[in-house]
Amino acid sequence: MERRNTLAVVLLTFVTCGLYGLWWQYRSTRELAEATGRELSPGLDLLLTLFTLGVWGIWVGYRNAEIVHDAFRAAGEPHTDRSLPVLVFGLLTWVTGLSWLVLTGILQEDYNRLADAAIDARELAGGDEPWIGDAPLPSAY
């Protein structure tokens, strides 16, 4: 996972009227698949998000938050499951229009934590494997 400035991600999503958010969804899903070894289809996710006018994007956020939580849990690292808040803010987007920005911030913070854990573990292990904490990520993720 690439570490990104959360505020920059949120502001770029806002300033570009969501276009950066679509690229960010694609990119972060691809990086999450690489980091966890889980088979995800970021291109298909992007197409379905566009085709469903954002509804699929809410599911992608929820699913990705669950994957991050599962990865930390599998590695024995403490982590708060943020999939429900991501889902709630995603659904609130249809009412407020701006809740997507909160969802984006929550997910980016989790991605940054995942990136930090992987970087720290790699430096300690001296390798390039996708690791979190003291245990390798299960291949199912």
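Every number in this text was worked out from the coordinates using simple rules, so none of it is lab data. All of these numbers come straight from a predicted model, not from anything done at the bench. Note that each Cβ is placed from the backbone with ideal geometry, even for glycine, and that neighbours are counted across all protein chains shown.
General remarks:
- Within segment 1-33, the set of residues being exposed (fewer than 12 other Cβ atoms within 10 Å of the Cβ) and not in a loop (DSSP other than H, G, I, E, B) comprises Leu7, Ala8, Val15, Leu19.
- Exactly one residue among Leu53, Leu114, Leu107 is surrounded by fewer than 17 Cβ atoms within 10 Å (Cβ to Cβ) and of a type in the set (A, V, I, L, M), and that residue is Leu53.
- Selection count, segment 13-53, where residues are in contact (Cβ under 8 Å) with a residue 40 or more places away in the chain and in contact with a Gly (Cβ under 9 Å, 6 or more places away or on another chain): 4
- Scan of segment 74-93 for residues that are free of Cβ contacts under 8 Å to residues at least 12 places away in the same chain and either β-branched (Val, Ile, Thr) or closer than 17 Å to Leu22 by Cβ (or both), ordered by number: Thr80, Val88
- The number of residues in segment 56-78 being surrounded by 18 or more Cβ atoms within 10 Å (Cβ to Cβ) and not in a helix (DSSP H, G or I) comes to 1.
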